[in-house]
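Visitor: First the structure, then my questions, so here it is.
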Amino acid sequence: MNLKPSMKRVGEISLRVVESESDQPNLVLLHGVTRRWQTFLPILCPLALRHRLLLVDFRGHGESDRATDGYRVTDYVDDICRLIQQHVSGPVSLYGHSLGAMTVAGVASRLGDRVAAVIMEDPPLETMGNRISRTPLLSYFRGLSQFAGDDRNVAEIAAALGDLSFQDPVSGDCFRVGDTRDAAQLRFGAASLRLLDPSVFEPILNSQWLTGFDVDQVFGTLSCPSLLLQADYSSGGMLTEQDAEHVASLNSQIARVPLRGVGHGIHWTATQDLLNVVLPFLESARGGN
């Protein structure tokens with residue numbers, strides 16, 4: 001599979017987009033906060049059999065431009081809407097993880113008939129909104145922010161990242177990042193953080209990340225087949241049972257699939273289980289071609 005990188009202008013910034021060469025229907029893939037397009041390497045080959053892939057580095061992430069006008073979820077939605085409207089022909093399907101999951105929902109809500117299907121892998125919703133101060137994530141992201149744009153080598157950052165501690169404000173329990181990720185995952189996280197704009201963390205740490213993102217409006221207006229993949233909150237997932245039930249109740253287009261015992265990065269830790277759900281879902285939305 002050949003992947004061709006390019007920079008695509010969207011408003012005042014340019015985004016790094018990596019595309020596969022194919023005449024199949026478009027599938028846009030969007031990563032989580034602090035990551036980059038390479039997070040989807042485990043699932044690219046199966047998806048490329050039936051789709052032309054477009055993998056995007058969000059603003060401030062990877063090789064994309066840094067932004068001066070903000071890093072709220074709605075800012076990422078604006079960028080991807082522009083990208084599709086200005087640089088992609090024909091219908092698109094959308095796949096997003098975490099931040100990407102909320103972004104694809106926002107894009108699908110806005111673009112309506114342009115979107116053939118949407119897949120949302122464990123969107124955090126209010127876990128990273130109004131409730132973040134009551135979760136370990138606030139302490140985690142505060143600690144993580146010190147590594148954004150770090151000019152040390154990957155090994156040095158990975159070692160420091162592994163030693164990073166964060167705290168659950170409810171129980172008072174402390175955790176070490178290196179106890180939750182293996183050495184390879186720490187290196188990938190470190191390599192991604194080196195390229196990250198530190199300003200990405202500002203709306204997260206100030207509980208402003210979801211400002212302007214109306215969950216009920218977005219999920220209630222999805223008009224295409226929509227798959228909601230829910231990781232296990234007790235195993236490190238970010239989508240709570242309450243939030244998952246709520247958004248699924250808003251719209252009959254949403255098919256909700258919980259994955260028990262699986263953490264937030266489903267595409268990394270339960271790759272085949274994820275593909276066993278995603279591939280038939282995409283085929284169901286594709287029709288007979």
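Visitor: What tally of residues in the range 118-143 results from selecting those that are open to solvent by less than 40 Å² (accessible area, probe 1.4 Å) and either out of contact with any Phe, Trp or Tyr (no Cβ under 7 Å at 6 or more places or on another chain) or of a type in the set (Asp, Glu) (or both)? Step through it out loud before you land on a result.
Guide: Start the filter on the range 118-143 by keeping residues that are open to solvent by less than 40 Å² (accessible area, probe 1.4 Å), which leaves 118-125, 127-129, 132, 135-141, 143.
Still in the running and either out of contact with any Phe, Trp or Tyr (no Cβ under 7 Å at 6 or more places or on another chain) or of a type in the set (Asp, Glu) (or both): 118, 120-125, 127, 132, 135, 137-138.
The total comes to 12.
Visitor: Has the range 20-36 got any residue that is within 23 Å of Gly149 (Cα to Cα) and surrounded by fewer than 20 Cβ atoms within 10 Å (Cβ to Cβ)?
Guide: Just the residues of the range 20-36 that are within 23 Å of Gly149 (Cα to Cα), to begin with: 30-36.
Then drop every residue that is not surrounded by fewer than 20 Cβ atoms within 10 Å (Cβ to Cβ), which leaves none.
So far as the range 20-36 goes, no, none of its residues is within 23 Å of Gly149 (Cα to Cα) and surrounded by fewer than 20 Cβ atoms within 10 Å (Cβ to Cβ).
Visitor: For the range 76-114, give me each residue that is surrounded by fewer than 19 Cβ atoms within 10 Å (Cβ to Cβ) and either in contact with a Ser or Thr (Cβ under 8 Å, 6 or more places away or on another chain) or among the acidic types (Asp, Glu) (or both).
Guide: Gly112, Asp113, listed by residue number.
Visitor: In contact (Cβ under 8 Å) with a residue 24 or more places away in the chain and touching a helix residue (DSSP H, G or I) at 6+ places or on another chain (Cβ under 6 Å): is that true of Arg72 in this structure? Before you say what the answer is, go through the steps one by one.
Guide: Details: in contact (Cβ under 8 Å) with a residue 24 or more places away in the chain: yes; touching a helix residue (DSSP H, G or I) at 6+ places or on another chain (Cβ under 6 Å): yes.
So Arg72 fits the description; yes.
Visitor: Which of the residues that make up the range 135-168 are under 22 Å from the mean Cα position of the chain (by Cα) and among the basic types (Lys, Arg)?
Guide: Arg142 - this is the single residue of the range 135-168 that is under 22 Å from the mean Cα position of the chain (by Cα) and among the basic types (Lys, Arg).
Visitor: When both residues are 6+ apart or on different chains and their Cβ atoms are under 6 Å apart, which pairs have a first residue that lies in the range 264-283 and is open to solvent by 20 Å² or more (accessible area, probe 1.4 Å), and a second that is at pLDDT 95 or above and assigned to a helix (DSSP H, G or I)?
Guide: Thr271/Pro42
Visitor: Just name the residue that is farthest from Ser284 (Cα to Cα) out of those in the range 230-258 that are out of contact with any helix residue (DSSP H, G or I) (no Cβ under 6 Å at 6 or more places or on another chain) and hydrophobic (A, V, I, L, M, F, W, C). Talk me through it step by step, then tell me what you get.
Guide: Going residue by residue through the range 230-258, those that are out of contact with any helix residue (DSSP H, G or I) (no Cβ under 6 Å at 6 or more places or on another chain) are 232-237, 239, 241-242, 244-246, 248-249, 252-253, 255, 258.
Adding the requirement that they be hydrophobic (A, V, I, L, M, F, W, C) leaves 239, 244, 248, 255.
Numbers: Leu239: 25, Ala244: 22, Ala248: 19, Ala255: 12 Å.
Here the residue is Leu239.
Visitor: Specify the residue that is modelled with the highest pLDDT; the eligible residues are those in the range 144-200 that are open to solvent by 60 Å² or more (accessible area, probe 1.4 Å) and among the β-branched types (Val, Ile, Thr).
Guide: Per the criteria, the residue is Val170.
Visitor: Continuing with the same structure: Which of the numbered conditions does Ser64 fail, given that it passes all the others? Conditions: (1) of a type in the set (Ser, Thr, Tyr); (2) touching a residue at least 60 places away in the same chain (Cβ under 8 Å); (3) surrounded by 24 or more Cβ atoms within 10 Å (Cβ to Cβ).
Guide: Single failed check for Ser64: (2).
Visitor: What is the number of the single condition among (1) farther than 30 Å from Ala285 by Cα; (2) of a type outside the set (A, V, I, L, M); (3) under 17 Å from the mean Cα position of the chain (by Cα) that Gly178 does not meet?
Guide: Gly178 satisfies every listed condition except (3).
Visitor: Turning to a different aspect of this structure: For Leu41, which of the numbered conditions (1) open to solvent by 10 Å² or more (accessible area, probe 1.4 Å); (2) touching a Ser or Thr at 6+ places or on another chain (Cβ under 9 Å) fails to hold?
Guide: Answer for Leu41: the failing condition is (2).
Visitor: Between a residue in the range 18-30 that is over 22 Å from Val73 (Cα atoms) and without any contact (Cβ under 8 Å) to a residue 60 or more places away in the chain and any residue that is aliphatic (A, V, I, L, M) and surrounded by 21 or more Cβ atoms within 10 Å (Cβ to Cβ), which pairs come within a Cβ distance under 6 Å, given they are 6 or more apart or on different chains?
Guide: So the pair list comes out as Glu19/Leu54; Ser20/Leu53.
Visitor: Continuing with the same structure: Do we find that Ser252 is among the polar types (S, T, N, Q) and at pLDDT below 95 in this structure? I'd like the intermediate steps shown before the answer.
Guide: Working: among the polar types (S, T, N, Q): yes; at pLDDT below 95: no.
No.
The values are calculated or read from the model by the stated rules, or taken from the named source; none is laboratory data. Owing to the predicted nature of the structure, the values given are computational and were not obtained by experimental measurement. Please note: Cβ atoms are built from the backbone with ideal geometry, for glycine as well, and neighbour counts cover all protein chains shown. The area values use the complete protein model at the heavy-atom level, side chains included, leaving out ligands, DNA and RNA. Shrake-Rupley method; radii C 1.70, N 1.55, O 1.52, S 1.80 Å.
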